[in-house]
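To start, the structure under review is shown below, and the notes come after it.
Quick note: the coordinates plus some simple rules give every number you see, no bench work behind them. Just so you know, these numbers come straight off a predicted model, no measurement behind them. No Cβ is skipped: glycine too gets one built from the backbone with ideal geometry, and neighbour counts run over all protein chains shown.
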Amino acid sequence: SGGGRRSESRRRVRDGGGTRGGWGVARGGGGRSAVRARAGSADNGRAARERVARALEAAGPGLSGILFRVCCHLEGLEAAERGFGWPKRSGKLVLQIALDRLVRHYGIRED
């Protein structure tokens, strides 16, 4: 179910794990290799934040907020609508437009 996937995603973010073995953060141990792993992780995190910022910028003003709340913070659509003070069910349309902009940004073609 959708709720199960959302809970699993939140757990992975909270616990610092992701797909393919986590976020690249060194766990335990020490020494130089652990320091390099943490430094590489910081670089990866910075690059990820830059990619997200570019994607939100590509969505444009007025659309990046809904993307950020729903896709990054995993906020429900109804809660995001309330947060923006929008009428019920309007968020679905706005989110669809924002997602269409991301499709264009990433060059994804719908077949």
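Which of the residues that make up segment 55-64 are assigned to a helix (DSSP H, G or I) and either of a type in the set (A, V, I, L, M) or in contact (Cβ under 8 Å) with a residue 12 or more places away in the chain (or both)? Once the filter is applied, which keeps residues that are assigned to a helix (DSSP H, G or I) and either of a type in the set (A, V, I, L, M) or in contact (Cβ under 8 Å) with a residue 12 or more places away in the chain (or both), segment 55-64 yields A55, L56, A58, A59, S64. Please determine, by comparing only the residues of segment 65-87 that are part of a helix (DSSP H, G or I) and touching a residue at least 24 places away in the same chain (Cβ under 8 Å), which one is surrounded by the fewest Cβ atoms within 10 Å (Cβ to Cβ). The residue in question is V70.
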